[in-house]
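Structure record follows, encoded as structure tokens.
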């Protein structure tokens, strides 16, 4: 059977309260009983010592045993639930509580037994007598036998105190139970409400509604992190959905133009409007090649993004590789009067040389496209501990802040006019990132409009 979070939290609070109360009661009763027994025994022994001292003081005052004073001591002992028998030094009985009031003595013994059975029914107690010597100047002047319920006994006040304490424990337990139920319910509500909100938002996301955001704040770190994660997930999925739609539109746009051209040319030639001469056939062939390049780019991207991509790694000097690539762009750079500055000594790296070449070519081609006439491109290679850094900076048109997070997405166009002016399929940077990721590296970009763009590629040396 499944239960919601609020029920489980409430039940857990109640169980914790019950367990705590039971443990507290058990341990408090155990230690209280233990120390209370010691207290009762010590108190009983103290009373016996006081009786002995009283007899000594009476003898010191009178020099002899007087019946009147002895009776006062005996009656006082009876009031303290002690049954005494006083003898002189020769063993003759001077005063006996049983002789004085046997009924009272029997009642005291019976009450002792009943009290102990009420509080300690498992304790095997019995009436006992203990003899104390009465000394005066270290000379035995008599003895007193004090009867009590062994090993200890509780009077009415002691029993009432213990039962009142147990009632207090029960009362505290009941109050704590209701308090735990109240607090547990409130805490469960505070914890479950934002989680329920997250659940609702997640269900909306699963149904394709990405606009919902969780605005409620929580002072619980984990719940706040959960809500932020759900909000970030919704934002990411919303962005991906927009990119997917844009990708579909871009692919349709890229395919529509060459297919429409092919269709119109082929229909014209089939209907005899145009003659199927070499020029028109070459035009059709160019459109077919354009479609082929697009499909080839997508296949290359799929291959680079594959988890089974095989890298043919070797040790090579990255600076030497860049110096070999730059002459391939020399004519293009001269045509736009773009100055290229390269700096960097020998930097060895263990990577796939061909694929890293593709990364550099793509970045150079991208910089060339968006750097204006008379612009500048700077390339730097540096050692950074266990990594190498390849930095490529231009002073081109730059990228807006809104477009910057999406430039590595396939077919993404930061400016629709760029595609018609510069050509390309919008896959170069996507392929570049896929290659860098395959090498366990990282590529970052910083850009400002009308100031320029800088790409930084970090690759592990090994």
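The figures follow:
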quantity: Segments 48-61, 366-379 sorted - mean Cβ within 10 Å per residue, highest first; calculated: 366-379, 48-61
quantity: Prolate/oblate/rounded label for the chain (Cα gyration tensor, a/c 1.5); calculated: prolate
quantity: Helix 102-119 axis, angle to the chain major axis (alpha carbon atoms, nearest 10°); calculated: 10
quantity: Segment residue 172-residue 130, extension gain: residue separation times 0.36 nm, minus the distance between their alpha carbons; calculated: 10.9 nm
quantity: The range 293-372 and the range 426-455: distance between their alpha carbon centers, rounded to Å; calculated: 12
quantity: Approximate spin-label separation residue 249-residue 450, in nm, with each point projected 7 Å along Cα-to-Cβ; calculated: 2.7
quantity: With Cα atoms, 0 to 90° folded angle of helix 221-270 axis to the chain main axis; calculated: 20
quantity: Sites residue 190 and residue 90, calculated FRET efficiency, Cβ-Cβ separation with R0 60 Å, nearest 0.05; calculated: 0.10
quantity: Listed peptides 285-293, 440-448 by packing density, highest first (mean Cβ within 10 Å); calculated: 440-448, 285-293
quantity: Net lengthening on full extension, residue 216/residue 34 (0.36 nm per residue, minus Cα-Cα); calculated: 60.1 nm
quantity: Extension reserve of the residue 266-residue 337 stretch, reckoned as 0.36 nm per residue once the Cα distance is removed; calculated: 21.4 nm
quantity: 18 Å cut-off, amide nitrogen to a point 7 angstrom out along residue 204 Cα→Cβ, residues in the range 230-255; calculated: 230-242
quantity: Amide N proximity, the range 240-263 versus residue 286 label position 7 Å along Cα-to-Cβ, cut-off under 18 Å; calculated: 254-263
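The numbers here are math on the coordinates, done by the rules we state, and not lab data. Remember, predicted model here, so these are calculated numbers, not experimental data. Cβ sites come from the backbone with ideal geometry, for glycine too, and all protein chains shown count toward neighbours.
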